[in-house]
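Take a look at the structure set out below.
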Amino acid sequence: MKNETAVAFTGVTRSFGAVRAVDGIDLSIRRGETVALLGRNGAGKSTTIGLLLGLDEPDGGEVRLFGDAPARAVAAGRTGAMLQDGRPVPRVTVRELVTFVARTYPKPMPVAEALALAGLTGLADRRVDRLSGGQVQRVRFAVALAGSPELIVLDEPTAALDVEAREAFWDSMRGYARRGNTVLFSTHYLEEADAHADRIVVIDSGRVLADGTGEELRRAAGGSLVAFDLAGGPSEGLDLLPGVTSVEIRGDRARLHTEDSDATVRALAGRNAIRGLEVAPVSLNDAFLALTAHARPLETTR
Amino acid sequence: MITEYVRLEVRRTLRDTGFALGAVAVPVMMYLLFTNLGGQNEEEWKTASMIGMAAYGALGAALSIGTGVAEDKGSGWLRQLRITPMSPRQVVTGRALTGSVVVLPSIVGVLLAGGLVNGVHLAAWEWAVVALALWLGSLPFTLLGIGNGYRFTAQTTGVANIACNLGLAVLGGLWFPVSLFPDWLRSLSAYTPTNRFAELGVSVAGGHAPGAAALAVIAVWAALFGTYAAVSYRRSARTS
């Protein structure tokens, strides 16, 4: 029974026609961790979550929840989830819905507590299909935690929430994690992953590109960023300069990721290429871009 | 767990105004209309039509379970149920039980109209047995509706259910007595589940036990529709 691993993916693949939505994912989540699954839309986050919950079967590899097949862990009431898709269930009140879901679990929390955690106490007798988008999202959260499961899985939980509701949501989520529960959430917002998870798993094109704390990801992407105007000068050979790990050219501006900014700047000065020079520590967004090696940035503001 | 689920789904169904109208109000009104218009208002027709219309209402209510299933498939509620500890079998069983609960208002509604408005006279035990026979006999139609619901989208299910509803009701003689049918249609009608369903009620109201043929035909249809529901469910679980 005692098993320190909550979630384990080993070489998991899943294709839909010609598309490899999940392309060899290895992932292990310990009990009590809060982990963010970070990636753009279409990176394979929702497919990964579907496999995790046993809603879908992998083509290859193995998924284990608490050392067991996902369907069995779900049947034993060890997981709760907030799914992304779908419209609210018609013709039930918030309280009826949460009460019903709680009673399908072996050891649920009191319904009033689930409602309070999700900030729904005042809306308990309203019909779910007559609530606003943000309120429905809170109902989904209450449904996920009503059974007091050891693992909760949240697929893009803050979509449709305004700033204030988002803060309240993360507070509740942290409160739930603090009880020793394991939380896995997916997001395409960097700040969210950085601020609310112990660990960030970056996925793109169905693969895990990086796995670590925000700080580790920043370090892995190279220590600093050196940017300058090319001013018509050549861009060839920049990747050979000392310390440089990758080069990005955007219009007339070159951005060099470097592990040794001093050496890089010295070399640039030698080439007389220091117009508009800027040296900065790498941001998490830059780290993400370096990892995914695509020019399209993640959304960083909303 | 199933009891909780059935309670939730029954509430959801009864709150649906479309359901209340289509499955309760319409059969009651049709019954009153068909038995009080024109010259056809002898005692026997009032009783036969009462049972036909109660059967028709139960048929509609049972099929409407399928519309609910299709709606829930589209809204993501079925997916949400799959990640609760309830097993798929419990979910399907719960739905079928829900079906057997929500046919009751249709049956009771038409029987009340017969007894209170049209003055149909039956002994107390006969009323009870008629209601019970109609209630149990509606199971094949619940299974048919569930099969449609798992197989089709919400809109297609609606159309399929209306087609099944009208086709089975008219062919089975729930609207007009089969004595008005030409011979070939009358013999075909004897093989429909609806015709035998109504026969259950009619024979009980007439004071005798339902015939073995009627029970056999209903049992065969129940098995057929049950298989259809199971196959449709398995297909939808694979694709959604």
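The values are calculated or read from the model by the stated rules, or taken from the named source; none is laboratory data. Just so it is clear, the model here is predicted, and its values are computed rather than measured. Cβ coordinates were reconstructed from backbone atoms using ideal geometry, including for glycine residues, and neighbour counts include every protein chain displayed.
Out of all the residues in the range A:71-91, is one or more more than 9 Å from chain B (Cβ to nearest Cβ), β-branched (Val, Ile, Thr) and in contact (Cβ under 8 Å) with a residue 12 or more places away in the chain?
No, because not a single residue in the range A:71-91 is more than 9 Å from chain B (Cβ to nearest Cβ), β-branched (Val, Ile, Thr) and in contact (Cβ under 8 Å) with a residue 12 or more places away in the chain.
Identify the single condition in (1) away from every other protein chain (no Cβ under 14 Å); (2) closer than 30 Å to B:Val120 by Cβ that B:Val10 does not satisfy, given that it satisfies every other one.
(1)
Could you tell me whether the range A:229-244 includes any residue that is free of Cβ contacts under 8 Å to residues at least 24 places away in the same chain and among the hydroxyl-bearing types (Ser, Thr, Tyr)?
Yes, the conditions are met somewhere in the range A:229-244.
Can you tell which of A:Gly133, A:Gly119 is small (Gly, Ala, Ser), more than 9 Å from chain B (Cβ to nearest Cβ) and touching a helix residue (DSSP H, G or I) at 6+ places or on another chain (Cβ under 9 Å)?
Values: A:Gly133 fails: touching a helix residue (DSSP H, G or I) at 6+ places or on another chain (Cβ under 9 Å).
The conditions single out A:Gly119.
Which of the helices (runs of 4 or more DSSP H) contained wholly in the range A:141-243 include at least 2 residues that are touching a Ser or Thr at 6+ places or on another chain (Cβ under 9 Å)?
Working: elements: A:163-178, A:190-196, A:214-220.
Passing ranges, in order: A:163-178, A:190-196.
Looking at B:Gly114, is it farther than 30 Å from B:Gly207 by Cβ and of a type outside the set (S, T, N, Q)? Before you say what the answer is, go through the steps one by one.
Working: farther than 30 Å from B:Gly207 by Cβ: no; of a type outside the set (S, T, N, Q): yes.
Taking the combined requirement at face value, the residue does not satisfy it.
Here is a list of conditions, (1) surrounded by 20 or more Cβ atoms within 10 Å (Cβ to Cβ); (2) of a type in the set (Lys, Arg); (3) within 10 Å of chain A (Cβ to nearest Cβ), and B:Arg15 meets all of them except one; can you say which number that is?
(1)
List pairs: first residue in the range A:139-159 and of a type in the set (Phe, Trp, Tyr), second residue crowded, with 24+ Cβ neighbours inside 10 Å and in a loop (DSSP other than H, G, I, E, B) anywhere in the structure, Cβ distance under 7 angstrom, at least six positions apart or on different chains.
Cβ pairs passing all conditions: A:Phe141/A:Ala118; A:Phe141/A:Pro157.
Kindly provide the set of residues from the range B:25-51 that are at pLDDT below 90 and either in contact with a Cys (Cβ under 6 Å, 6 or more places away or on another chain) or buried (at least 18 other Cβ atoms within 10 Å of the Cβ) (or both), ordered by number.
Listed by number, the residues that qualify are B:Phe34, B:Thr35, B:Lys46, B:Thr47, B:Ala48, B:Ser49.
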